[in-house]
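The values are calculated or read from the model by the stated rules, or taken from the named source; none is laboratory data. Computed from a prediction, not measured in an experiment: that's the story for all the values here. All Cβ positions, even for glycine, are placed from backbone atoms using ideal geometry, and neighbour counts span all protein chains on display.
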Amino acid sequence: MKIKNTEKGFSLIELIIVLIISAILAQIGFISFNRLNRKIKILAAKTALINIKKECEVNRDIDANTNFTLVDLDSYSIETSNANSCLGRSDNNLVVLKPDSQEDYPFYYYDFLNNEVGCEKNENELNLTRQENRFEGNQNIIKLDGWWGRNDRATITLNGKDYVAYATDYWLGVRNDDLDGRQSHQIKWGDKLWNQISKKINNDQLFDKEGNQIKASVSGNQIMISSKSQKPLDIKVVAFNHQGGNNTKPRFARKQNIIPPKEECSSQFKF
């Protein structure tokens, strides 16, 4: 009599499914391990910085030296002046915990003078930590670069509207013939020229295409036109003489800065 074998092995499809599931579980486990490892390293960095803060405060209160005990950190290095000074780096007065991998970990800092610890997302934000009234948006700086010659006015065109300032020999307080022999830095262009345009722009209460107010200000021999938009303003500037026509090159130097909004440190990294 023959005995029929009813046991069956795994089919190829079943084996493939098992392998796929195993790979997914392994990947999940790897991600979870990395996440846990990251949290441990961040917690160690935060704890080390708090201990540095406490030690520096105690040393200050007992009139001891303003140094702290160095510690070795995984994935972080400690930056300060004289290796372990509570007074921080020479460029920003902060004791900085700098991550080895700046894409995965935040910066931490201790401000001894203001008794603060904090977190910043990157090096740029770290350098702006102590900056008050931080500006975000676009800045356009214009100044005279070269000889004024016999021009008698300057026109800034902003969003299609002309703003004219007059600067003749009478306004500058010199003879017209003397203008060719004077360099731009010898004349107070802020008072004599740019203030005219700055006042007109601010009085008109202009807005950029995103609805942000455009503001103008004068500092020294230059004018700055700015708004909170991350897109540049449409600005043109020329010098002019009613007898000789356009005389623009190389009369003006322009610099444009786009300052992005602050990138906040993630809540999971903060103290």
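Quick check: anything in the stretch 107-123 of a type outside the set (A, V, I, L, M, F, W, C), part of a loop (DSSP other than H, G, I, E, B) and under 19 Å from residue 56 (Cβ atoms)? Yes, the stretch 107-123 has at least one match.
Within the group 126, 25, 43, 97, which residue is outside any helix (DSSP H, G or I) and either modelled with pLDDT of 90 or more or among the aliphatic types (A, V, I, L, M) (or both)? Result: 97 is the single residue among 126, 25, 43, 97 that is outside any helix (DSSP H, G or I) and either modelled with pLDDT of 90 or more or among the aliphatic types (A, V, I, L, M) (or both). Take the conditions within 28 Å of the chain's Cα centre (by Cα), surrounded by fewer than 17 Cβ atoms within 10 Å (Cβ to Cβ) and not in a loop (DSSP other than H, G, I, E, B) and apply them to residue 81. Does it pass? For residue 81, the condition - within 28 Å of the chain's Cα centre (by Cα), surrounded by fewer than 17 Cβ atoms within 10 Å (Cβ to Cβ) and not in a loop (DSSP other than H, G, I, E, B) - is not met.
Entry remark, the stretch 214-232: residues being hydroxyl-bearing (Ser, Thr, Tyr) and surrounded by fewer than 19 Cβ atoms within 10 Å (Cβ to Cβ) number 3 in total. Tallying residues that are part of a helix (DSSP H, G or I) and touching a residue at least 12 places away in the same chain (Cβ under 8 Å) within the stretch 200-219 yields 4. The criterion of being at pLDDT 75 or above, of a type outside the set (Phe, Trp, Tyr) and not assigned by TED's automatic domain parsing to the domain that holds residue 116 does not hold for residue 53.
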